[in-house]
Every structure is written in C-alpha cells, then in structure tokens.
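Structure first, commentary second.
Where a number appears in this text, it was derived from the coordinates with a stated rule and is not lab data. None of these values were measured; they are calculated from a predicted model. Glycine also receives a Cβ, built like all others from the backbone with ideal geometry; neighbour counts cover every protein chain displayed.
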Amino acid sequence: LAANSIWLDACLQSANDGDMKMRVILVDDEEMATPTETPTKQDKCCEYTLDGSVDIKGRPAVKGKSGGWLAGGLILVNQGLATLAFFGVNVNLVLFLTRVLGQSNGDAANNVSKWTGTVYMFSLIGAFLSDSYWGRYKTCAIFQAIFVLGLALLSVSSRLYLITPEGCGMEHAPCGPHSGKELGIFYMALYMIAFGNGGYQPNIATFGSDQFDEEDPAEAHSKISFFSYFYLALNLGSLFSNTFLSYLEDEGRWALGFWASTAAAATALLLFLSGTIRYRYFQPGGNPIGRVSQVAFAACRNWKAAGASAGVVTLYEGDEKADAAGRKLLHTQGFSFLDRAAHVDTDCKLGVRDPWKLCTVTQVEEVKSILRLLPIWLCTILYSVVFTQMASLFVVQGAAMRRTTPFAGFSVPPSSMSAFDILTVAATIFLYRRAICPFLARLTGRPAGPTELQRMGLGLVVGALAMATAGTVEHFRKAGATAAMSSDLHIMWQVPQYSLIGVSEVMMYVGQLEFFNGQMPDGLKSFGSALCMMSMSLGNYFSDVIVSAVTRITTTRGRAGWIPADLNEGHLDKFYFLLAVLAVADFAVYLVCASRYGSGKVDGRSSDDEEEGTAGQVAGSPVAERMI
C-alpha cells in the first residue's frame, strides 16, 4: 500500500429512483502506514523496481542487486548457445534423413517441414504454461532440460544404432537399413528436441525483457535494445552451426556434430541456472483461456443489456489487476460488444460476483488487446513467406550459378550464402542502435526513434525489394545459361538479395518482438512471443501452398512450369516478381491496419491519473460511462 494511492469503490442502491450511484474513497499513504514504516517515494524509486517484479524469494526486486544487463547478458549468451544447438540439428536434417535413414528427397523434405512446424506449434504450449501456471523462469528451465535430454538421446542413438556400418552417412556412402525400434528412438529424440526448443523459445525473449524495469527511463531504453541484441545472439548462434557444424555433418561426422550441439545446449542451461539469484520474476496470471471464455460468455449473455439506449453505461471495474505492479487496464473504444460482459444492470445488487455473468473492465480489455493485434499479426505472415525463400529457392538458384573461386579446388556451397544474411543482420542491428536510431531521435524528437509499427512496415517494403532483386538476378542468370542447371553468372550476385533479407528481418522480426511484448498485458506476454513464432510457421506452410499452386497452374499443357527441376527451362524470376507484388499488396493492407490500430491504456500510479481513467466520461464516447 506504500507509495501508491488505492481506490475503494462502493455501489449503493438508491431507494428512490433505483439509479446506480458511485462513491470513491481515496486512501493516502499516510492513512495506511506510519511514517516510520513507509519508505518515501523517492527512496523506493531509487531502490526498488516499479513494475512489480520480485526476486527469487518473492520480495520486491532491488534494482542494484537484480536484473539489468548482467542478467540480460546471461540470457543473451544462453540464447546464442541454444540456437547453435538447435540449428546444429536442423540445418542438415534433410541430409541425415536421406544419407543415414535412406529416405527419398521428397519424404525427407516433408518430414523436416512437419518437424519444423511442430517446433513452432509447441511454442503455444510453452507460452500457455508460462503465462498460466509456471512463470517464465520455471518454463524456460524445464523445457531447456527436455531439449538437452533430446539432444543427448539423439547423439547416443546415432552413434550406437543409426550410423552403421561405421564411416557411413556421407554423400556417396549411405547407411544400411534400420529396425523399427531404432527409428522409434530416433523420432522420440527428434520430437523431444522440438518440444523442448518450442516450449522454451517464446518465453526466453520475454523473460530477458523482464530484467529491465519499463518504468525507469534508463532501463526502458535498455529493454528496447535487448530485443535487438537478442535477435543478434540468435543469428550468431546459427552462423556457427551453419558453417562449422554443417561442415562436420556434411563430412559424415554426425555423432560429433550432435554431441557438439548437446554440449552447447547443456552449457546454455547451466548458464541460465547460474543467474537464478540475479533474475527478476513475475508471477503467472492464471489461465488466460478461462478469462477469455468468461468475457465471451458474459458478453453473449448480456446481449440485450439495458442502459446504452438511455445514454448511460455502467461498467464493473472490480479489483482485478492487469499486471504485477497492481495496475488496471482502462476502458477503450472499439469492440463495444465485449463491453456488455462488464455491464452492470441498474437494478442489480453487487454481492458475490459470478465471473461468467459479470467480468471486470480489465478482463474485457485483455481480450480487446488480443483482437487488436490479430490484423497486424496476419499481415506479418506473408512476410514470413518472403523470408522462407532464403532457405529454399535462394539455395536452388545459387546451385544453378557459377560457384568457382580463385582458390584452387574450392567451390562456394549455395547454402553458405546465408552467412551474408547473418552478417547483414549483425551490421544492421549495430548501425541502427548506435547511429541511425539516435539520429532519427534527434530529428523527430522521439527518444525511441521510429515506432515498432513503422519498422515492421519498412521490413515489408525491403522484403518486397529483396524479391524484386532476386527476380532481376534470376533474369540475368537465365540469360547467361550454358547447360542444364548452370550459368556464367557468379553466385556472388546473390549477395544483394541476401543482404536485403537481412535488413528486412531486423526491421520486421525485432520490431514484431518489441511490439507484441509491449502491447500484450503482463499475463499474456509469452503468448505474444508465441504469435511471432506462429507467423514464421504459417509462413512456411503458406509458402508450400503458393509454390504448389504456381506449379500446378504453370505446368498445364505439357509446359515445364515456373519452378522445374532445371531452372533454365523455367521462370523462377516470374515467381520472385509475383512474391514482390504480393508483398506490396500486403504492405498496403498493413498500412490500413496500422493506421487504425489503437493500443490499450494502463492506469498510472498517481491518484490524478487514476481519477481521469476511471470516473470520467470517455473522450469520443457516444455514451457516458461509470466504473464501479
């Protein structure tokens, strides 16, 4: 109760006219505690966090002894090592399935697509457990342990059962057949990895941002920077796995590559646990599915609620809080149907509230915050379709180009060109945070620089430009074709399209992480991170749908189609241009959605702010509203 004023709301039934009246009692700090027991607001601001975070023992977190970049740095290193471990399996999984398990290219590609999609689907489970019951720290620790066990089982099973006879698993030395038991162990290990990594990923970014107090200006700036460095750590980890580990596995040293991934994941887990005393924590907010269901049911039940026609709507505010800091979500315009869930009949008597009949304003606003984000989220899916081409058609295109170098006997692997994307990501993050953002902040007067929505829009534009560039390169590659799947155009001409993808993903995915984390209520922040992963997953699925549809349409009447086995006979450039047009159309829709987006409002800590947010008439509202 110290350092903050609280509201005590009472609803009185009038015997004369039956109208609902409201009495607000403001209790000050001096009335709740003696001066000797209550620290001053200035002392508390200097010592404790203001966002409601606690330490490992559940006490208010002390700024100098918890969180900050020390805790955030541990999480960044953890993310880099965990990403290295995951991509150590993912990057060459298709080759493992074909060379070691003897699957066809088509079956192996489908199995990898299903496995990758499952990883992202499991992110919803991790987000649900984190937001509802376990909290982010416990969820990260448990799923990372499952991840390590899955990698260890994969390493052991590969060494003892799968890579037989010894020395097999190379391009021209496939392995022998395997029993159902051996394959069962392999797939159990593989999906343990998917379950562990999927459940861990949406929570670690949010847990890292929890280490910075958004109510402190300095730490709020660090919190924004954290997401950029988080994405940088992810890319640096994948860079190592795409080069060193990929080389080991391509040479047939599968068990060694898997053990290296296991060691990286185990080290990441130990580093994560080492910061237990230093971290800041937030308590889980309970099952969000139940809260959302209550709002939907109550809104339907109160469909014919009275009051709006009379010009007065009375909404029930209650004592439910939106976050650990004890703040409530204020009523906002839009989705007025849901407001009926918090509607109080003028002839009701408030006793024991049934949450399936009467919800709080905070509950209703939580549902509204999700609905507001959905149009923005849907617009990001098509960008993920563009981004997916880097790992598929860009590689196929590079394989049909001249790859020789001045170094004798060395040919550039098409898949290694993704290193230019990773290097561009690293350079873009550093340049944006150190030079571009400060310059734009001085130019616009906005300390944080461009908004998340502006950066996401820029990501869509640059992504479309990357597709147009790839189409142009393909046009000249095909013009210089010499034989089947070959051309005089050198593979280094792909560097611009990889670099543009790198710039666009920093703008889109980093902005998306910041935006979803900032707009979601505290009890749904992990779900917001899971939505980011889901957009990537759905981007993969929609890419398959678009490629299949284009292939079906363009291969009629005996034609080779746009994407045949021999690119010299097709029109891959037209497919790239098609994606560029779709990205531009998506950007146009995104502009409409972003311009209409309105974020929710959280009440402040001062009594003045609370009074303005709870008792007054809402600006622009056609009816007066009263909060009880």
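Can you give me the orientation-averaged projected area of the convex hull built on the Cα atoms of the stretch 47-285, in nm²? Present the calculation step by step, with values, prior to reporting the outcome.
Values: hull surface 51.1 nm².
So the mean shadow area of the Cα hull is 12.8 nm².
Highest mean first, what order results for 492-499, 505-512, 289-296, 551-558 on Cβ atoms within 10 Å? List each step's numbers first, then the result.
Values: 492-499: 19.8, 505-512: 25.0, 289-296: 17.1, 551-558: 10.9.
The densest-packed peptide leads the list: 505-512, 492-499, 289-296, 551-558.
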Any chance you could run the full-extension gain for Val62 through Thr556? It's 0.36 nm times the residue separation minus the Cα-Cα distance, nm to one decimal. 171.0 nm
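Which of the three applies to the stretch 382-429, rounded, prolate or oblate, going by the alpha-carbon gyration tensor with a ≥ b ≥ c and a/c under 1.5 meaning rounded? Walk me through the numbers before you get to the answer.
Working: a/c = 4.10, a/b = 1.49, b/c = 2.75.
Verdict is oblate for the stretch 382-429.
Cα-Cα over 32 Å: which of Lys57/Lys368; Lys57/Lys357; Lys181/Lys525; Lys328/Lys357; Lys138/Lys357? Please report the intermediate quantities before stating the final value.
Values: Lys57/Lys368 34 Å; Lys57/Lys357 37 Å; Lys181/Lys525 41 Å; Lys328/Lys357 20 Å; Lys138/Lys357 34 Å.
Lys57/Lys368; Lys57/Lys357; Lys181/Lys525; Lys138/Lys357, as the Cα separations exceed 32 Å there.
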At 4 °C and 1.567 mPa s, what whole-number value in µm²/s does Stokes-Einstein give for the translational diffusion of the stretch 366-599, with Rh from the Kirkwood sum over Cα pairs? 68 µm²/s
Distance (nanometres) between label positions extended 7 Å along Cα→Cβ at Arg433 and Lys181: 5.1 nm
Using +1 at the C-beta of Lys and Arg and -1 at the C-beta of Asp and Glu, which of Cys140, Gly88, Thr116 has the Cα lying farthest in the positive direction of the dipole of the stretch 63-144? Cys140
Added length on full extension, which subtracts the Cα-Cα distance from 0.36 nm per residue, His221 to Lys574: 122.7 nm
